[in-house]
Amino acid sequence: MTISFLLLAAITIAGTAAAMSLRNLVHCVLALTLGLVGLAALYLQLGAQFVGFTQILVYVGAVAILAVFAIMMTRSAEPTEPHGSSSFQLSGALIAGIVFAVLAWAVSSGTKALQVQTLQPEASVNQIGVALMHGFVLPLEVIGLLLTAALIGAGVLAMDETRGAR
Amino acid sequence: MSPMSGYLLLSALLFSIGLAGALTRRNAILVLIGIELMLNAANLNFIAFWRYGPNPEALTGVMFAIFSISVAAAEAAVGLSIILAVYRHSKTTNLDKMNSMKG
């Protein structure tokens with residue numbers, strides 16, 4: 001419970017909560033980037049440098065830009081989104097609150113008996129590369145195949161088939 | 001409170017925010033973003049358990065987080081292009097108005 005953890009947690013929570021509650025969708029994505037940067041800083045604080053920088057590259061760099069493009073191409077940037085009925089909103093928030101209560105109870109009751117590692121473990125890029133090339137070769141290949149399939153699939157799905165026929 | 005339960009509580013809160021967004025927002029893109037937030041909460045759990053759990057030299061938590069990030073990126077790309085394809089047919093991204101599977 002250091003001050004830096006509390007600060008980064010506050011940034012992350014504020015960013016993601018704003019992303020889920022603002023009216024204008026472009027503002028939502030900007031707030032989401034703030035939350036994801038806070039999360040990447042938390043990964044760095046935990047000692048997982050590679051995951052932190054991957055988070056910045058993939059989420060802040062790619063997914064947020066993709067979401068902004070999707071918002072602009074679907075003309076939903078205007079803050080005209082009609083919100084659902086208030087009882088609907090209330091029940092959604094209630095379900096999320098119950099889920100959080102159950103998770104918090106499980107965390108507080110489950111981590112008491114746990115042996116906590118106080119030594120900061122190391123995950124240098126060198127070690128990760130060696131692990132990827134030795135123990136995790138098959139998952140790496142499967143992920144490569146999945147990303148290729150997703151690339152082709154996203155291109156095919158986003159293609160305008162009516163324009164091609166003309 | 002141990003530092004690990006702080007991270008786990010933060011991850012639970014992040015998951016709940018994502019769940020609340022996915023349940024209450026009516027725009028398909030925001031629902032997708034809520035799902036991404038839930039995936040990120042799971043990643044934070046993996047990294048926290050790797051940092052504070054036994055045998056960190058095996059790097060399993062870090063590896064799982066990396067693979068999970070790449071699967072989430074593929075999911076976001078395909079999901080957003082599906083939303084674009086649906087928008088081209090129905091001219092809306094409001095989930096309440098998408099009530100027909102026939103274009």
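Read-outs: derived from the displayed coordinates by stated rules, not from any lab. Being a predicted model, the structure only gives us computed values, none of them experimental. Quick reminder, even Gly has a Cβ in these numbers, built from the backbone with ideal geometry, and neighbours come from all protein chains shown.
Applying 1/(1 + (r/R0)^6) with r as the Cβ-Cβ distance of A:H27 and B:K102 and R0 = 22 angstrom yields a FRET efficiency of 0.05.
Peptide A:86-97 has a mean of 4 when you count, residue by residue, the C-beta atoms of other protein chains within 10 Å of its C-beta. List the residues of the range A:40-75 whose backbone N lies under 12 Å from a point placed 7 Å from the Cα of B:S2 along the Cα-to-Cβ direction. Backbone N within reach: none found. Among B:E36, A:E161, the ranking by other beta carbons within 10 Å of each residue's beta carbon, starting with the fewest, stands as A:E161, B:E36. The Cα trace of the range A:1-80 gives Rg and Dmax of 13.8, 43 Å, the first to one decimal, the second as a whole number. Each of A:M20, B:M101, A:M73 was scored by other Cβ atoms within 10 Å of its Cβ. Arranged with the fewest first, they read B:M101, A:M73, A:M20. Remark: mean inter-chain Cβ contacts per residue of B:32-41 equal 5, using a 10 Å Cβ-Cβ cutoff to other protein chain atoms.
Projecting the Cα atoms of B:N94, B:F67, B:S2 onto the charge dipole of chain B (Cβ charges, centred on the Cα centre) puts B:N94 farthest toward the positive pole. Which of these, A:I13, A:I128, A:I98, has the largest mean-square fluctuation under a Gaussian network model of chain A (Cα springs below 10 Å)? Maximum fluctuation in the GNM of chain A, among the listed residues, is at A:I98.
Give the Debye-formula value of log10 I(q)/I(0) at each listed q (0.13 Å⁻¹), with one equal scatterer per alpha carbon of the range B:3-90, two decimals each. Evaluating at q = 0.13 Å⁻¹ gives log10 I(q)/I(0) of -0.51. Using a 10 Å cut-off around each Cβ of peptide A:44-55, what is the average number of partner chain Cβ atoms that fall inside? Per residue, the average neighbour count from other chains is 5.
Hey, what D do you get for chain A in µm²/s if you plug the Kirkwood alpha-carbon radius into Stokes-Einstein at 25 °C and 0.890 mPa s? Let's see the in-between values first.
Numbers: Rh = 19.9 Å.
Rounded to a whole number, D works out at 123 µm²/s.
Exposure proxy ranking for A:S108, B:S68, A:S86, based on other Cβ atoms within 10 angstrom of each Cβ and starting from the fewest, stands as A:S86, A:S108, B:S68. When chain A is treated as a GNM with alpha-carbon contacts under 10 Å, the residue of A:F136, A:F100, A:F53 showing the greatest mean-square fluctuation is A:F100.
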